[in-house]
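Before any comments, here is the structure.
The values are calculated or read from the model by the stated rules, or taken from the named source; none is laboratory data. Here the structure is a predicted model, which means the values were calculated and not measured. Quick reminder, even Gly has a Cβ in these numbers, built from the backbone with ideal geometry, and neighbours come from all protein chains shown. Protein only, heavy atoms only, side chains kept; ligands, DNA and RNA dropped before computing areas. Shrake-Rupley method; radii C 1.70, N 1.55, O 1.52, S 1.80 Å.
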Amino acid sequence: PEAITVQELANRMAEKGADLVKAMFKMGMAVTVNQTIDQDTAELLVTDFGHNVRRVSDADVELELDTTEDNEADLKPRAPVVTIMGHVDHGKTSLLDALRGTSVTSGEAGGITQHIGAYQVTLKDKSQITFLDTPGHEAFSDMRARGANVTDIVVLVVAADDGLMPQTIEAINHTKAAGVPMIVAINKCDKPEANPQKVRERLLEHEVIVEEMSGDVQDVEVSALKKTGLDDLLDKIQLQAELLELKANPDRAAEGTVVEAKLDKGRGPVATILVNRGTLKVGDIFVVGAESGKVRAMIDDKGKQVKKAGPSTPVEVLGLSGVPMAGDQLQVVDTETKAREIAEYRQGVMQQKRTTQAPASLESMFSALK
Ligand code: GDP
Ligand code: MG
């Protein structure tokens, strides 16, 4: 094998780079983690750490994470998670804002609403709907590519004056591929040139048969601008959600999905987590993708600090070791050591994938060194 950096070797041994540097210092070698070392030195280090090399593997990670199925009896109804998709300028943002009840696009003072990437609407009957605030096919397919299928229902927005456009068709295909039910919102119906019937007819060509055309896809005429048809749309989302019988166990260690994440100047790494099951609480220790952490604080979509978040609730989480990726899964674990070990192992795996010449596994690296 070629020369390897101290950090790479550390990653493959699931050890800390700093510990290797320390060990080498004791051997009389002053190096930094970024320095490359030769095979003999690497072998020496492997032997030196041999007795306590933690062979964390995929199997170990699986064991540490509680991924057991929930008992039917523990499941409680949860709010549907909705993504709005459609062609650019067909009114996705306007509709999201109209549904939220605050218009950000029109430049009004939004008040206390926080844009954290998702929000919840509470209906008159107190039931809730969660909207993913990151419309766009990229976010949707990025998340799906990462194994996250967070959306229960897609609302396809089609402008009645413009009809089916390339991104409309793309959205239809994404939705079909994900196997998610769709509701068609025919928007801009306030416009004189609006032709909702033509939209319905064109949808037929893509095997989207709406109720008006004797199909089973719900459709609704709306105007995000005039705020008409919104209750009708919310009703249809609820109806669709009832058919799906969405449930989750709120009384278990939380699991969630990263909706968006960023490095905030004042607050450090923050991630919006959509809780899938369980209840996430302040103080919980977690692993999220290749990062770990302890929930320091949680902020909801109204900018309010909350102590816990149940299924289908989006919350901004503070207290991460770094910035995870959209679509990464968050899992609550027992101890910080475990969380760190899993995160470090995953970082090692990621690094290994990036280094193309690297041996495929820790085992093969060990044998290669012999
Ligand atoms: P997005 O690109 O899909 O997010 O579309 P936007 O929400 O940004 O809307 C694009 C443009 O269409 C904006 O100028 C909106 O004001 C306008 N628009 C959105 N909804 C309606 C509507 O229901 N009626 C009319 N007349 N205009 C709308
Ligand atoms: Mg937009």
- Message: So N187 ticks every box in (1) more than 15 Å from I153 (Cβ to Cβ); (2) open to solvent by 50 Å² or more (accessible area, probe 1.4 Å) but one. Which box is left unticked?
- Response: (2)
- under 24 Å from Y119 (Cβ atoms) and open to solvent by less than 20 Å² (accessible area, probe 1.4 Å), is that true of A139? no
- Message: Could you check region 280-329 and list, in sequence order, the residues that are in a loop (DSSP other than H, G, I, E, B) and under 12 Å from G268 (Cβ atoms)?
- Response: S321, G322, V323
- Filtered residues of region 208-240 (kept if polar (S, T, N, Q) and touching a helix residue (DSSP H, G or I) at 6+ places or on another chain (Cβ under 8 Å)): Q218
- Task: Residue by residue through region 212-225, note down the ones that are surrounded by fewer than 19 Cβ atoms within 10 Å (Cβ to Cβ) and within 12 Å of ligand 1 (Cβ to nearest atom).
- Result: L225
- Which of (1) modelled with pLDDT of 95 or more; (2) crowded, with 16+ Cβ neighbours inside 10 Å does E201 not meet, given it meets every other one? (2)
- Task: Could you please let me know if L63 is modelled with pLDDT under 90, under 28 Å from the mean Cα position of the chain (by Cα), away from ligand 1 (no atom under 16 Å from the Cβ) and open to solvent by 80 Å² or more (accessible area, probe 1.4 Å)?
- Result: yes
- Item | region 71-89, residues that are more than 15 Å from T175 (Cβ to Cβ) and within 16 Å of ligand 1 (Cβ to nearest atom) | V88, D89
- Query: Any chance region 94-102 includes a residue that's at pLDDT 80 or above, part of a helix (DSSP H, G or I), within 16 Å of ligand 2 (Cβ to nearest atom) and of a type in the set (S, T, N, Q)?
  - Reply: yes
- Message: Any residue at all in region 226-245 that's surrounded by fewer than 21 Cβ atoms within 10 Å (Cβ to Cβ), in a strand (DSSP E or B) and at pLDDT 95 or above?
- Response: yes
- Task: For Q218, state whether it is closer than 17 Å to K124 by Cα, out of contact with any Cys (no Cβ under 9 Å at 6 or more places or on another chain) and either more than 16 Å from ligand 2 (Cβ to nearest atom) or part of a strand (DSSP E or B) (or both).
- Result: no
- Query: Are there any pairs, at least 6 apart or on different chains, whose C-beta atoms fall under 8 Å, with the first in region 181-195 and farther than 15 Å from T168 by Cβ and the second at pLDDT 95 or above and of a type in the set (S, T, N, Q), and if so, which?
  - Reply: P181/Q240; C189/S223; C189/T228; D190/S223; D190/T228
